[in-house]
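Enquirer: The structure follows.
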Amino acid sequence: MTVLILALLIGVVAGLRAMTAPAAVSWAAQLGWLHLDGTWLAFLGYRFTPWIFSLFALAELVTDQLPSTPSRKVPPQFITRILMGGLSGGAIGASAGSLVAGIAAGAVGAVIGTLGGTAVRAKLASLFGSDRPAALLEDAVAIIGAFLIVSAAA
């Protein structure tokens with residue numbers, strides 16, 4: 001049950017920042033915290049995979065601050081978040097022998113994170129009078145949350 005909660009939570013992170021979740025699980029796999037050998041997700045632990053996902057995550061953190069960045073709820077953005085949530089949740093699930101359940105929990109978490117993150121960020125931006133502090137707070141929640149989740153899964 002704990003594994004599915006962690007898979008759901010890493011999906012929520014993917015809903016907040018699509019590339020932060022796979023970067024975190026990739027580092028966890030590469031460091032031996034998640035055991036993905038013998039699964040189709042073993043590539044997450046390969047030597048360069050964490051670096052690639054980390055570059056994507058950093059690029060996302062920068063582009064999220066741009067006014068031209070589309071809403072996370074438009075189909076390409078939303079679908080990407082669901083896929084990355086499923087991938088990341090699947091990695092946590094697979095590490096404990098529950099690949100399919102992990103994928104499902106991660107995808108559901110991504111929907112929750114996408115919709116909930118949008119609502120919370122809008123409310124915070126209204127309170128702050130600016131979107132930037134809300135976006136930076138969301139970045140911090142995603143990064144710290146991802147680390148805590150993969151640490152707990154280890």
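The values are calculated or read from the model by the stated rules, or taken from the named source; none is laboratory data. Not measured: the values here are computed from a predicted model. Glycine also receives a Cβ, built like all others from the backbone with ideal geometry; neighbour counts cover every protein chain displayed. Please note that ligands, DNA and RNA were not included when accessible areas were found on the heavy atoms of the full protein model with its side chains. Shrake-Rupley method; radii C 1.70, N 1.55, O 1.52, S 1.80 Å.
Enquirer: Considering only segment 61-74, state which residues are in contact (Cβ under 8 Å) with a residue 40 or more places away in the chain and not small (G, A, S). Working first, answer last.
Expert: Of all residues in segment 61-74, those in contact (Cβ under 8 Å) with a residue 40 or more places away in the chain come to 61, 64-65, 71-73.
L61, D64, Q65, R72, K73 - these are the residues of segment 61-74 that are in contact (Cβ under 8 Å) with a residue 40 or more places away in the chain and not small (G, A, S).
Enquirer: Scan segment 11-49 residue by residue and report those that are without any contact (Cβ under 8 Å) to a residue 40 or more places away in the chain, crowded, with 18+ Cβ neighbours inside 10 Å, of a type outside the set (G, A, S) and more than 30 Å from K73 (Cβ to Cβ).
Expert: Residue satisfying the conditions is Q30 alone.
Enquirer: Q77 - would you say it is farther than 22 Å from L41 by Cα, in contact (Cβ under 8 Å) with a residue 24 or more places away in the chain and touching a Pro at 6+ places or on another chain (Cβ under 7 Å)?
Expert: yes
Enquirer: Take segment 75-98 and flag every residue that is within 26 Å of A154 (Cα to Cα) and open to solvent by 20 Å² or more (accessible area, probe 1.4 Å).
Expert: Our first condition is that a residue be within 26 Å of A154 (Cα to Cα); within segment 75-98, this holds for 80-98.
Hits for segment 75-98 are T80, I82, L83, M84, L87, S95, A96, G97, S98.
Enquirer: Now for a separate question. Here is a list of conditions, (1) within 24 Å of H35 (Cβ to Cβ); (2) open to solvent by less than 60 Å² (accessible area, probe 1.4 Å), and L124 meets all of them except one; can you say which number that is?
Expert: In the conditions (1) within 24 Å of H35 (Cβ to Cβ); (2) open to solvent by less than 60 Å² (accessible area, probe 1.4 Å), L124 misses (1) alone.
Enquirer: Confirm whether V150 is within 20 Å of A29 (Cα to Cα), among the β-branched types (V, I, T), at pLDDT 95 or above and under 15 Å from the mean Cα position of the chain (by Cα).
Expert: Values: within 20 Å of A29 (Cα to Cα): yes; among the β-branched types (V, I, T): yes; at pLDDT 95 or above: yes; under 15 Å from the mean Cα position of the chain (by Cα): yes.
In short, yes.
Enquirer: Also: For residues that are at pLDDT below 95 and either β-branched (V, I, T) or open to solvent by 90 Å² or more (accessible area, probe 1.4 Å) (or both), tally how many sit in segment 50-74.
Expert: Counting residues in segment 50-74 that are at pLDDT below 95 and either β-branched (V, I, T) or open to solvent by 90 Å² or more (accessible area, probe 1.4 Å) (or both) gives 7.
Enquirer: Among the residues of segment 121-137, is any on the phi < 0 side of the Ramachandran plot, of a type in the set (A, V, I, L, M), touching a residue at least 24 places away in the same chain (Cβ under 8 Å) and not in a loop (DSSP other than H, G, I, E, B)? Spell out the reasoning first.
Expert: Initially, segment 121-137 is screened for residues on the phi < 0 side of the Ramachandran plot, giving 121-128, 130-137.
Within this subset, residues satisfying the condition of being of a type in the set (A, V, I, L, M) are 122, 124-125, 127, 134-137.
Narrowing the set further to residues that are touching a residue at least 24 places away in the same chain (Cβ under 8 Å) leaves 135.
Now restrict to residues that are not in a loop (DSSP other than H, G, I, E, B): 135.
Yes, segment 121-137 contains at least one residue that is on the phi < 0 side of the Ramachandran plot, of a type in the set (A, V, I, L, M), touching a residue at least 24 places away in the same chain (Cβ under 8 Å) and not in a loop (DSSP other than H, G, I, E, B).
Enquirer: Can you tell me which residue is least open to solvent (accessible area, probe 1.4 Å) among those in segment 99-116 that are of a type in the set (A, V, I, L, M) and within 20 Å of I143 (Cβ to Cβ)?
Expert: A110
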